[in-house]
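Reviewing the structure listed below.
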Amino acid sequence: MNNKIAFFDFDGTITHKDTLPEIIRFIKGRRAFYLGMIQSLPWLIAMKLKIISNASAKEKLLAIFFKGLAFHEFQQKCNEFIQFRLPHLLRPAAISEINKYKQEGTTVVVVSASVEDWIVGWCDHLQIKCLATRLEVINGKITGRIAGKNCNGTEKVNRIKALFNLNDYKTIIAYGDSNGDKPMLSLAAIAYYKPFR
């Protein structure tokens with residue numbers, strides 16, 4: 001039995017672009033995207049200046065674009081995004097690496113700060129596990145808030161440890177591309193930073 005586990009960040013590691021702007025454009029259209037981004041500028045600047053957290057800025061963005069949207073409609077659009085747009089954003093070298101691990105029986109897990117709804121269907125198709133940020137949904141509608149914590153930084157480690165007993169694995173491997181991945185990378189005996197560029 002293979003007792004290796006490999007953790008992959010999604011945005012910037014498996015993909016060559018951040019998927020949040022891409023999903024917004026896909027669901028809302030180009031014009032609404034740019035108008036919403038102008039509206040979001042104060043929060044994005046505050047995040048860059050470290051006045052507010054990444055999670056707070058993300059919630060502002062999610063609220064501007066998705067608050068009040070019926071969750072079943074959002075899920076349907078996410079499934080269309082996975083089918084039609086996401087394949088163009090994937091790094092072939094990352095997909096090759098994932099497939100290599102799958103063939104040798106390594107447990108593969110995507111651990112992402114992005115919202116799970118536009119990732120988990122892709123992971124299910126590849127038969128790999130997914131840990132990602134969740135949206136709060138009340139009465140079937142998106143509130144614009146995150147349910148629980150943003151799956152970034154130390155929260156990636158918390159989510160991993162909540163699901164896996166890492167002592168069960170002889171080899172732990174991790175892939176990431178940003179400061180938000182460094183706590184996850186520190187878990188690994190073998191860590192790759194920006195490996196597919």
Once label points are set 7 Å from the Cα along Cα→Cβ at both SER96 and ASN158, what is their separation, rounded to one decimal in nm? 3.8 nm
Hey, what's the per residue convex hull volume over the C-alpha atoms of the chain, in cubic angstrom? 121 Å³
What whole number of Å gives the distance from the Cα centroid of segment 92-170 to the Cα centroid of segment 1-36? 12 Å
Relative to the first principal axis of the alpha-carbon coordinates of the chain, what is the inclination of helix 71-84, with its axis defined by its Cα atoms, in degrees from 0 to 90 and to the nearest 10? 60 degrees
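Which of MET184, MET47 has the fewest other C-beta atoms within 10 Å, and how do the rest follow up to the most? Each step should come with its number before you reach the end.
Working: MET184 26, MET47 19.
By the 10 Å Cβ count, ascending: MET47, MET184.
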Just need the Rg to Rh number for segment 50-164, please, alpha carbons only, Kirkwood Rh. 0.99
Determine ³J(HN,Hα), in whole Hz, for all residues of segment 149-158 in sequence, where each value follows from phi through the Karplus function 6.51 cos²θ - 1.76 cosθ + 1.60 and θ = phi - 60°; x replaces Gly and Pro. 10, 5, 7, 8, x, 5, 5, 4, 5, 4
About its Cα centre, what dipole magnitude does segment 4-193 give when the only charges are +1 on Lys and Arg Cβ and -1 on Asp and Glu Cβ, stated in debye to the nearest 20? 400 debye
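Tally Lys/Arg at +1 and Asp/Glu at -1 over every other residue whose Cβ is under 13 Å from the Cβ of LEU126; what's the total? Each step should come with its number before you reach the end.
Values: positive: LYS100, LYS102, LYS129; negative: GLU97, ASP124.
My count for the surroundings of LEU126 gives +1.
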I need the phi-derived Karplus couplings for segment 16-23: 6.51 cos²θ - 1.76 cosθ + 1.60, θ = phi - 60°, integer Hz, Gly and Pro marked x. 9, 9, 5, 7, 4, x, 5, 5
Of all trypsin sites (Lys or Arg not before Pro) in segment 1-90, the ones in DSSP coil with at most 14 other Cβ atoms within 10 Å are LYS17, LYS50, LYS67
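Test of understanding: ordering VAL157, VAL108 by Cβ neighbours within 10 Å, fewest first, what list do you get?
In increasing order of surrounding Cβ atoms, one gets VAL157, VAL108.
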Under 4.7 Å Cβ to Cβ, no partner at all: give me those cysteines from the chain, in residue order. CYS78, CYS151
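Restricting to the chain, what percent of DSSP beta bridges are antiparallel, rounded to 5? List each step's numbers first, then the result.
Numbers: 6 of 24 bridges.
For the chain, the DSSP antiparallel bridge percentage is about 25.
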Across segment 1-120, how many lysine pairs separated by 8 or more positions, or lying on different chains, have Cα atoms within less than 29 Å? 29
Residue-ordered couplings for segment 183-196, obtained by feeding phi - 60° into the Karplus form 6.51 cos²θ - 1.76 cosθ + 1.60 and rounding to whole Hz (Gly and Pro as x), are x, 5, 4, 5, 6, 8, 6, 10, 10, 10, 10, 6, x, 9
So, counting K/R as plus one and D/E as minus one, what does the shell of residues with Cβ under 10 Å around ASP117 add up to? +1
Under a plain spin-label model, where a point goes 7 Å from the Cα along Cα-to-Cβ, how far apart in nm are ASN3 and SER178? 3.5 nm
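Gain in length, ARG197 to ALA63, computed as 0.36 nm per residue apart minus the alpha-carbon separation, to one decimal in nm?
On the way: separation 134, 0.36 × 134 = 48.24 nm, distance 3.25 nm.
My answer for the length gained is 45.0 nm.
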What nm distance separates the two modelled labels at GLU80 and LEU35, each placed 7 Å from Cα along Cα→Cβ? 1.9 nm
Using modelled backbone amide H atoms (1.01 Å from N, in-plane), which distant-in-sequence or interchain residues come within less than 5 Å of ARG145's amide H? GLU136
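When every alpha-carbon pair in segment 1-85 is counted, what percent end up more than 16 Å apart?
Values: 2262 of 3570 pairs.
Every Cα pair in segment 1-85 considered, those over 16 Å come to 63 percent.
I need THR19, THR107 ordered by Cβ neighbour count within 10 Å, fewest first.
Details: THR19 22, THR107 17.
Ordered by Cβ neighbours within 10 Å, fewest first: THR107, THR19.
What is the sum of charges, Lys and Arg at +1 and Asp and Glu at -1, for the other residues whose Cβ falls under 11 Å from the Cβ of GLY180? It would help to have the intermediate numbers written out before the result.
Working: positive: LYS156, LYS182; negative: ASP9, ASP11, GLU155, ASP177, ASP181.
Surrounding charge for GLY180 is -3.
Bear in mind that the values in this text are calculations on the coordinates, not laboratory data. Please read these numbers as outputs of a predicted model, since none were measured by experiment. Note that we place each Cβ from the backbone using ideal geometry, even for glycine, and neighbour counts take in every protein chain shown.
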